[in-house]
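Report on the following structure.
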Amino acid sequence: MKTKSIFLAFATLLALLATSCSKKTYYQVYQTKAVDTAVCSQVGNYLVHEESDCVVRYNFYAEEGDAGFWLTNKTDSIIYVDLGETFFVLNGNASDYFQARQWTTTRSSTVSSSKRETKGRGNRASSESASQTSTKASTFSERRVIAVPPQSTRYFSEFHINGSKTELCGGKDSPRKGRAEGTSFTIDNSPYCFGNFISYTVGCKGKKRNITDNFFISEIINVNAASMYETVRSKDACGREGDRIERLRFNTPDRFYLIYKK
């Protein structure tokens, strides 16, 4: 009986140690702000920059932040986006959208053949079969210039905004449920300033045009995983309510998030 009690106490101790050593999940939510809100402002589910010939839309909300953009051609001509002169810029460091990559695909095919012969009066038969396999490789190069047809949209994506957790002064790394811990920033002390420089022409002989959109991180908060989800009613195309579903909070086009353990 004493041995059994010791065993139970030991098992309980191990369970407590395992629980204390297990890490919990937290989210770090980033709030962004356009440097020039008169040029790029929120419209519905996007941050929108509109020119006379095109519209550029952003929605950063994704893990690590989606820095890509949608470009809509408003004209009746083809717009050509030059990825060799289009950049994602983070804290002054520029990265090319054009990566000069190549992809190789292979395709194999097998051809089989058979032959049957009959010899002599005894009608003795023999057969032979053979197969031959050939492999064909095709190499594709990344295109530097991407065409956007008239009155249509293309999506350009290559980079994330930030992939590593930011240490906050005065903000707890493991906040309690229902309480976020964070810090606000101005453009002068923000840890991350980023944006896109987009180069394009309208028509193949058009004059080169540029779009520059710049943003900065205006707030970072740490959130308990239990506080990152909310339960809502789903709705169909006619607005009728359906089942209850869970969705992430802070879901706006000017935010993004990271997941970390503590």
Need the list of aspartates and glutamates near residue 177 for cross-linking: C-alpha distance under 16 angstrom, and skip anything on the same chain fewer than eight residues off. 230
Which of 155, 27 is most accessible, then next, and so on - probe 1.4 Å: 155, 27
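Report the extension gain between residue 99 and residue 247 in nm, rounded to one decimal, defined as 0.36 nm multiplied by the number of residues separating them, less their alpha carbon distance.
Values: separation 148, 0.36 × 148 = 53.28 nm, distance 3.49 nm.
Gain in length upon complete extension: 49.8 nm.
Which entries of 33/165; 172/235; 24/235; 23/165; 23/172 show an alpha-carbon separation above 25 angstrom in the structure shown? Walk me through the numbers on the way to the answer.
Numbers: 33/165 19 Å; 172/235 37 Å; 24/235 32 Å; 23/165 16 Å; 23/172 15 Å.
Result: 172/235; 24/235 exceed 25 Å.
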Do any trypsin sites (Lys or Arg not before Pro) in segment 210-249 lie in a loop, going by DSSP, with at most 16 other beta-carbon atoms within 10 Å of their beta carbon, and if so which? 240, 249
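Give, to the nearest whole percent, the P(r) tail of segment 139-260 beyond 16 angstrom, counting all Cα pairs. Could you put the intermediate results ahead of the total?
Details: 5635 of 7381 pairs.
Everything past 16 Å amounts to 76 percent.
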What distance in nm separates the simple spin-label points at residue 204 and residue 225, each placed 7 Å from Cα in the Cβ direction? 5.5 nm
Would you mind pulling out the separation of the Cα centroids of segment 173-203 and segment 238-254, in Å? 23 Å
With every protein chain in place, what's the accessible area of residue 50 (1.4 Å probe, Å², nearest 10)? 110 Å²
Each residue of segment 238-247 in turn: what ³J(HN,Hα) in whole Hz from Karplus with 6.51, -1.76, 1.60 and θ = phi - 60°, glycine and Pro shown as x? 8, x, 7, 6, x, 6, 7, 10, 9, 9
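Determine the equivalent ellipsoid of segment 34-102 by diagonalising the alpha-carbon gyration tensor, then write out the semi-axes as square roots of 5 times the eigenvalues, largest first, rounded to whole Å.
Working: eigenvalues 84, 72, 28 Å².
So the three semi-axes of segment 34-102 are 21, 19, 12 Å.
The values are calculated or read from the model by the stated rules, or taken from the named source; none is laboratory data. Computed from a prediction, not measured in an experiment: that's the story for all the values here. Glycine gets a Cβ as well: all are built from the backbone with ideal geometry, and neighbour counts include every protein chain shown. The protein model used for the area step is the full one, side chains on, heavy atoms only, and it has no ligands, DNA or RNA in it. Shrake-Rupley method; radii C 1.70, N 1.55, O 1.52, S 1.80 Å.
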